[in-house]
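Data block below; observations after.
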């Protein structure tokens, strides 16, 4: 059975600096129709940066939608058409001051596939050298280092709630430790 839905009509109800919102009429596989509310987003990057001491670099920042501080791996939004790998290197340098000699692709993440087209590209960075942060003028964050094994336990204990950070930690953990507990 073909499960593909096909857009019949697309109406943009909001076009913003970061996201666009549209409502589609979609043709369903059985011939019926349905409304689909879609958030268009250019995507993002996330970097699990691991020091020589097996510590991950984190940033803690206030996230307005949740009205709380959120612990995250360094990450950022892509510009439309921007190369995700280059954006990941930029975000790591800007947020942490770190530059890596080695990067490994950790794959892609669809954070909210029910309504948003965002794709987060994930990387692991090692062999780090440190310089100065270069934060955006509206960016306020605190840099933290947490041992990889401790960060993995924090994910398993639901102490880290950000999805890209959870996945990045787990993937980095298995790259370093395999099935070891």
Q: Indicate the gyration tensor shape class of the chain (rounded, prolate or oblate), computed on the Cα atoms with a ≥ b ≥ c the square roots of the eigenvalues: a/c under 1.5 is rounded; otherwise a/b larger than b/c is prolate and the rest oblate.
A: prolate
(Q) On a full-extension model of 0.36 nm per residue, what is the gain between residue 4 and residue 19, subtracting their alpha-carbon distance, rounded to one decimal in nm? (A) 2.9 nm
Q: May I have the extent of the alpha carbons of the stretch 63-147 along their three principal axes, as whole Å values ordered from largest to smallest?
A: 39, 30, 28
Q. Once a ≥ b ≥ c are taken as the square roots of the eigenvalues of the Cα gyration tensor of the stretch 99-138, is the result rounded (a/c under 1.5), prolate (a/b larger than b/c) or oblate (a/b not larger than b/c)?
A. oblate
Q | Global form of the stretch 123-166, assessed from the alpha-carbon gyration tensor, a/c cut-off 1.5 | A | oblate
Q: Please give the length that would be gained between residue 104 and residue 77 if that part of the chain were fully extended, namely 0.36 nm times their separation in residues minus their C-alpha to C-alpha distance (nm, one decimal).
A: 7.8 nm
Q. With each run of n ≥ 4 DSSP H residues scored as -39500 (n - 2.57), what mean residue ellipticity at 222 nm is computed for the chain after dividing by its residue count and rounding to the nearest 500 deg cm²/dmol?
A. -6500 deg cm²/dmol
Q: Within the stretch 49-74, find all residues whose amide N lies under 13 Å from a label point positioned 7 Å from the Cα of residue 144 along Cα-to-beta-carbon.
A: 56-63, 69-74
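If packing is taken as the average count of other Cβ atoms within 10 Å, what order do 35-47, 105-117 fall into, highest mean first?
Values: 35-47: 18.9, 105-117: 13.0.
Sorting 35-47, 105-117 by mean packing, highest first, produces 35-47, 105-117.
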Q. Can you give the Rg to Rh ratio for the stretch 1-73, taking only C-alpha atoms and Rh from Kirkwood?
A. 1.21
Q. Between the helical axis of 163-177 and the dominant principal axis of the chain, each derived from Cα atoms, what acute angle in degrees is found, rounded to the nearest 10?
A. 50
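No value in this document is a laboratory result; all are computed from the given coordinates. Remember, it's a predicted structure, so these values are computed and weren't measured experimentally. We place every Cβ from the backbone using ideal geometry, glycine too, and count neighbours over all the protein chains shown.
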